[in-house]
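What follows is one structure encoded as structure tokens, with my remarks underneath.
No lab work stands behind these numbers, since they all come straight from the coordinates. Please read these numbers as outputs of a predicted model, since none were measured by experiment. All Cβ positions, glycine included, derive from the backbone under ideal geometry; neighbour counts span all protein chains shown.
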Amino acid sequence: MGAFTVYVKYKGGKRDSLEKAITLLKTYLKAVVDEQKTFDSSDAVLVEDGTTPTLQDTDVIVYMVRNIEKSVIKKQGGTVATAEANDKILGMTDLNKKICEVYADRLFQDSPKELSGAIYHEVAHIKSNQDNAMHKGKNGFLTDAPDYNGTPTDDNNKFLAGVLAKKLTMNASY
Ligand SMILES: [Zn+2]
């Protein structure tokens with residue numbers, strides 16, 4: 001038993017939004033952890049740019065970048081073509097490079113709700129190791145066009161709980 005932690009590295013956008021999003025994310029993650037037995041607690045942590053947290057092999061890091069031009073995935077040689085073609089997409093996950101990112105300029109009025117929802121969504125992609133297939137049959141926060149104004153549904157939390165223990169090697173130094 002231990003903690004499941006999501007780190008969000010602040011690389012651009014409105015910092016205040018991220019601080020509020022972290023608070024929301026903590027409550028979302030608690031509901032996920034309540035649905036499984038591997039972890040007995042969870043946390044969401046804001047990481048300053050230029051610092052590198054030590055990740056457990058079950059932890060996730062999501063990069064918050066100013067806009068798609070600042071994409072970490074792109075900088076590391078991946079492709080964000082899907083998000084370049086559709087500005088309604090708030091974030092991307094590269095399953096091969098094991099990078100999750102969200103785009104600050106796509107949030108409606110810097111909405112912390114949208115930001116925390118987009119982070120939750122990308123965590124589900126990397127943990128399930130599924131690209132768009134992850135959206136299939138989902139509701140709430142995990143569809144291909146999610147509404148992040150509510151909270152994750154029970155179905156969302158059960159899905160994420162079911163893949164939460166999956167081990168990953170994510171690079172926290174980008
Ligand atoms: Zn998605």
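Based on the alpha carbons, how large is the Rg to Rh ratio for the stretch 58-174 when Rh follows Kirkwood?
0.93
What is the mean projected area of the alpha carbon convex hull for the stretch 8-72, to one decimal in square nanometres?
Dividing the Cα hull surface by four gives the mean projection, 5.0 nm².
Please tell me the relative contact order of the chain in percent, rounded to the nearest whole number, where contacts are Cα pairs under 8 Å and at least six residues apart.
Across the chain, relative contact order equals 26 percent.
In this model, which of LYS11/LYS37; LYS37/LYS70; LYS11/LYS113; LYS74/LYS138 are farther than 30 Å apart at the alpha-carbon?
From the list (LYS11/LYS37; LYS37/LYS70; LYS11/LYS113; LYS74/LYS138), the Cα-Cα distance tops 30 Å for LYS11/LYS37; LYS37/LYS70.
Quick one: what Rg and Dmax do you get for the stretch 106-174 from the alpha carbons, in Å?
So, for the stretch 106-174, Rg and Dmax equal 12.4, 35 Å respectively.
Most fluctuating residue of ALA124, ALA85, ALA145 in a GNM of the chain with Cα springs under 10 Å: which is it?
Highest fluctuation of the listed residues: ALA85.
Dipole of the stretch 2-156 (Lys/Arg Cβ +1, Asp/Glu Cβ -1, origin at the Cα centre): which of VAL65, GLY150, LEU18 lies farthest to the positive side?
Highest projection toward the positive end goes to VAL65.
Could you tell me the distance between the Cα centroids of the stretch 1-73 and the stretch 103-160, to the nearest Å?
Here the answer is 14 Å between Cα centres.
Using the structure shown, select from LYS9/LYS75; LYS88/LYS166; LYS20/LYS75; LYS30/LYS167 the pairs with a Cα to Cα distance greater than 22 angstrom.
Pairs exceeding 22 Å: LYS88/LYS166; LYS20/LYS75.
When only Cα pairs under 8 Å and 6 or more residues apart are kept, what is the percent relative contact order across the stretch 7-100?
32 percent.
Restricting to the stretch 1-150, compute how many DSSP beta bridges are antiparallel as a %, nearest 5.
20 percent
Dipole size in debye (nearest 20) for the chain around its Cα centre, Lys and Arg Cβ +1, Asp and Glu Cβ -1?
For this selection, approximately 260 debye.
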